[in-house]
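What follows is a set of notes on a single structure, which appears directly below.
Any read-out appearing in this document is the output of simple, stated calculations on the displayed coordinates, not a laboratory observation. Everything numeric in this text was worked out from a predicted model, so none of it was measured. Quick reminder, even Gly has a Cβ in these numbers, built from the backbone with ideal geometry, and neighbours come from all protein chains shown.
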Amino acid sequence: MITEQYLKTKEQVEAAKANSPYGQDVCLIAVSKTHPIPDLMEAYNAGARDFGENKVQELTEKIPQMPDDIRWHMIGHLQRNKVKYIVGKVFLIHSVDSLRLAEEIDKESKKAGIISDILIQVNISHEATKFGTDKEEAIKLIQDAAKLSNLRIKGLMTIAPYTENAEENRAYFSALKNLSIDIEALNIDNISMDFLSMGMSGDFIVAIEEGANLVRVGTNIFGARDYSK
Ligand SMILES: *Cc1c(COP(=O)(O)O)cnc(C)c1O
């Protein structure tokens, strides 16, 4: 099942790329939170090399149990006191939404002698329940965090509202793409807008059409999540 679903999602990603005016390459992140290692291995054997998790403990438990050519993505809200457990272990942290968190990642990266790549999470839809900065805060945060030497800002991430109709999120995706273009034009040292992380199972096709190059897909690959366990 997972093999077929992964391959089908991969095909949908390729098809959606053809409808994007930006001609971007797109990386499909298999969001494996709550799912057991054998399920992750099935996706791996189908070709998945990028995996996303949203909890530090689950992430650090899974990493040593999986092949080491995987790129791990931290996509969930990150508490400062947990940064030390993931620095050096993940390819990209998608969910940085405050200067204090950026400073903590910088500090731990310095200790480890590495530079960490991060995205700034923007609450582009202004949903009260979501983490993330608003547009104006995002620019200020990027200007401040750009001064941190063991951190590299590589782009933006957003979580769009849950909807049955992906078209409802098109304007949010397009707004985030435009924000990334505006930030790129500021030419701030030490930052790039290489990555735009947006789109989940319900809306990744629309997100790609609006310029996403990292899509985070869980349910469509692994099936529904069971939080009772
Ligand atoms: C769980 C999660 C996803 C995947 O959601 P699906 O709807 O299952 O594809 C994507 N992004 C974030 C930040 C998540 O927490």
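Look at (1) in contact with a strand residue (DSSP E or B) (Cβ under 6 Å, 6 or more places away or on another chain); (2) surrounded by 21 or more Cβ atoms within 10 Å (Cβ to Cβ) and you find that Phe91 fails only one, number (2).
In this entry, Leu28 is excluded by the filter for residues that are under 25 Å from Ala112 (Cβ atoms), among the aliphatic types (A, V, I, L, M), surrounded by 19 or more Cβ atoms within 10 Å (Cβ to Cβ) and within 17 Å of the chain's Cα centre (by Cα). When the stretch 100-143 is filtered for residues that are under 24 Å from Ala212 (Cα atoms), in contact with a Ser or Thr (Cβ under 8 Å, 6 or more places away or on another chain) and of a type in the set (Gly, Ala, Ser), the ones remaining, listed by number, are Ser116, Ser125, Gly132. Figure legend. Inter-residue proximity from the stretch 91-104: first residues closer than 18 Å to Arg71 by Cα and in contact (Cβ under 8 Å) with a residue 60 or more places away in the chain, second residues more than 16 Å from the ligand (Cβ to nearest atom) and not small (Gly, Ala, Ser), beta-carbon distance below 8 Å, spacing 6+ or different chains. Indicated pairs: Leu92/Asp117; Leu92/Lys154.
Restricting attention to the stretch 75-114 and to residues that are assigned to a loop (DSSP other than H, G, I, E, B), of a type in the set (A, V, I, L, M) and out of contact with any Leu (no Cβ under 7 Å at 6 or more places or on another chain), the residue that is nearest to the ligand (Cβ to nearest atom) turns out to be Ile75.
In the set Ile153, Ile120, which member is within 15 Å of the ligand (Cβ to nearest atom), among the β-branched types (Val, Ile, Thr) and crowded, with 23+ Cβ neighbours inside 10 Å?
Ile120
Checking each residue in the stretch 210-229 for being under 20 Å from Met41 (Cα atoms), surrounded by 13 or more Cβ atoms within 10 Å (Cβ to Cβ) and more than 9 Å from the ligand (Cβ to nearest atom) picks out only Gly223. Among the residues of the stretch 182-209, those that are more than 22 Å from Leu28 (Cα to Cα) and surrounded by fewer than 20 Cβ atoms within 10 Å (Cβ to Cβ) comprise Asp182, Glu184, Ala185, Leu186, Asn187, Ile188, Asp189, Asn190.
Please work out which residue is farthest from the ligand (Cβ to nearest atom), limiting yourself to the stretch 178-209 and to residues that are among the charged types (D, E, K, R) and in contact with a strand residue (DSSP E or B) (Cβ under 6 Å, 6 or more places away or on another chain). Checked the stretch 178-209; the qualifying residue farthest from the ligand (Cβ to nearest atom) is Glu184.
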